[in-house]
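The values are calculated or read from the model by the stated rules, or taken from the named source; none is laboratory data. Just so you know, these numbers come straight off a predicted model, no measurement behind them. Don't worry about glycine lacking a Cβ; one is built from the backbone with ideal geometry, like all the others, and counts go over all protein chains shown. Side chains included, ligands, DNA and RNA excluded: accessible areas come from the protein's heavy atoms. Shrake-Rupley method; radii C 1.70, N 1.55, O 1.52, S 1.80 Å.
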Amino acid sequence: MKEMKDWAREFINGSVSRREFVERAATGGLSLASTLAALDAEAHLESGHDPATRHAHDHHARAGRARQSNAKTGMRTRRNPDQTNVNPYEEWLKEEGIPVYREHHIADLRVAEVKPWKRVGALGAHIDLVGGEGVNAGYLCEIPPGASSIPQRYLFEEVIYILSGEGETVVWNPGRAEQSVKWKAGAVIAPPLNVWRRHINRGATPARLLSMNNAPVVIDLFHNAEFVFNNDFVFRDRYNGEADFFGAGPENFHHKQTTAENSEIARGVHTWDSGFVPDARAIGLEAVKERGEANSRVELQLAENTMQCHISEFEVGTYKKAHRHGPGSHVVMLNGRGYTLMWKGTIKYSEAPAQARIDWKEGSLFVPPDGWFHQHFNTGADFARYIAPTWGGDGKWFMRGLGGGGRTHRLGKTSTRKGGSLIEHEDEDPLIREIFEAELKKAGVKSRMRSGKGEKS
Ligand SMILES: [Fe+2]
């Protein structure tokens, strides 16, 4: 029979979890003073305050939630003067133990491989595409019928798109009432920053969620998982249990005024302001001419997030004007069929030193890298619609920092002729139109583009 002092030693060494130790201490008659002393010793060890025992500590298996914290985020080596270029987010990905998607795109999020994910108690895969560039990333989470995820909270924002299935998400602040939001495929839910969240599958088939988030920024800045994943701070300014926080009625639409800084064509922005969108594939859009005649969109101001998000749609036989901006925009195709060209360095696509072509359909995801021009082409028989969250865009909150959306997104709506980052049809590489016409011919779809100009009205 193991004695209490053995439990304490094993806890300090790292082979027994904090929860297990506290439970043993409570039932095993360890005095409060001794329990606190052991917790204190372990906490100092976790944060690397005791260099003499850190070595032994490193060689013990980690167990339990608290254990997955600082050990994984570079804190162990914070006094190592030889440490260089440890990336906390990448270290964290390694410890998560699920597949990580990299490259430029994922062909179909609905069938991409997911594997058992211990922390969340579901199946999962992380998404760290090239264009995320350490500002935005994502993950897939699949919950079997009748199951639910292990509650999580964290200090990064996320926008969740439901790829398949039906269920509900329960959110709560510590010690406060739970609130539940029911969803099905096509819905968007944004659990507020740092609330507890649990996803439940209420259907007969697997429920698959896509989270797009700014975890790399937060994890890289603080490199302390205990702080990011187990923080008691409550952001009441964002969410304080309001009954209408996840509202889905027409009152959530409003038209925000904008300035010339937002757009050359200052005319306001059609906006949906809620923590929830019942069906992103059906939500009403408004025509905007900035990126082409047959283009419409709605801004999503989700859960008081700094992360910006919008849904955009363009009609059959058309394509959008090319533009470029900072990294992180995760473009998820909600329907339609077509392709996107991405290139860097030059206005002329054919002269670019680097190019990528993404053929997409419903469920495809791609992320244009930092400063790469990108242009979307609809070659299908139906309209094409996507949702695109990005870190620090020009939504309700504007971030001054370059790198994410922010300032660079503003320039993405201004012509390159005026110092901006949008290529007018008159300036585009003739090859762009040639490829498009050839693709339409193959697909048997008629072009709605006028010669050398935009779409037919
Ligand atoms: Fe873009």
Apart from one, (1) touching an Asp or Glu at 6+ places or on another chain (Cβ under 9 Å); (2) under 27 Å from His254 (Cα atoms); (3) among the acidic types (Asp, Glu) all hold for Glu351; the odd one out is (2)
With the first residue restricted to the stretch 258-278 and required to be among the β-branched types (Val, Ile, Thr), and the second required to be open to solvent by less than 40 Å² (accessible area, probe 1.4 Å) and at pLDDT below 80, Cβ contacts under 7 Å at 6 or more apart or on different chains are Thr258/Gly268; Ile265/Glu290; Val269/Thr258
Taking the stretch 352-381 and the residues there that are open to solvent by 50 Å² or more (accessible area, probe 1.4 Å) and in contact (Cβ under 8 Å) with a residue 12 or more places away in the chain, the one that is nearest to the ligand (Cβ to nearest atom) would be Asp370
Within the stretch 112-156, residues being of a type in the set (A, V, I, L, M) and part of a strand (DSSP E or B) number 7
Counting only residues in the stretch 302-341 that are away from the ligand (no atom under 15 Å from the Cβ) and open to solvent by 10 Å² or more (accessible area, probe 1.4 Å), the one farthest from Trp391 (Cα to Cα) is identified as Val316
Picked from the stretch 342-351 (must be hydroxyl-bearing (Ser, Thr, Tyr) and in contact (Cβ under 8 Å) with a residue 40 or more places away in the chain), the residue farthest from the ligand (Cβ to nearest atom) is Ser350
Worksheet item: Given the structure, is Leu109 within 30 Å of His223 (Cβ to Cβ), open to solvent by less than 10 Å² (accessible area, probe 1.4 Å), aliphatic (A, V, I, L, M) and assigned to a loop (DSSP other than H, G, I, E, B)?
Response: yes
Gly284 passes all but one of the listed conditions (1) on the phi > 0 side of the Ramachandran plot; (2) surrounded by fewer than 22 Cβ atoms within 10 Å (Cβ to Cβ); (3) small (Gly, Ala, Ser); the exception is number (1)
Only unsatisfied item for Ser211, checking (1) in contact (Cβ under 8 Å) with a residue 60 or more places away in the chain; (2) of a type outside the set (Val, Ile, Thr); (3) at positive phi, is (3)
Those residues of the stretch 421-457 that are at pLDDT 95 or above and at positive phi come to a total of 1
Just one listed residue, out of Glu133, Glu90, is open to solvent by 30 Å² or more (accessible area, probe 1.4 Å), touching a residue at least 60 places away in the same chain (Cβ under 8 Å) and charged (D, E, K, R), and it is Glu133
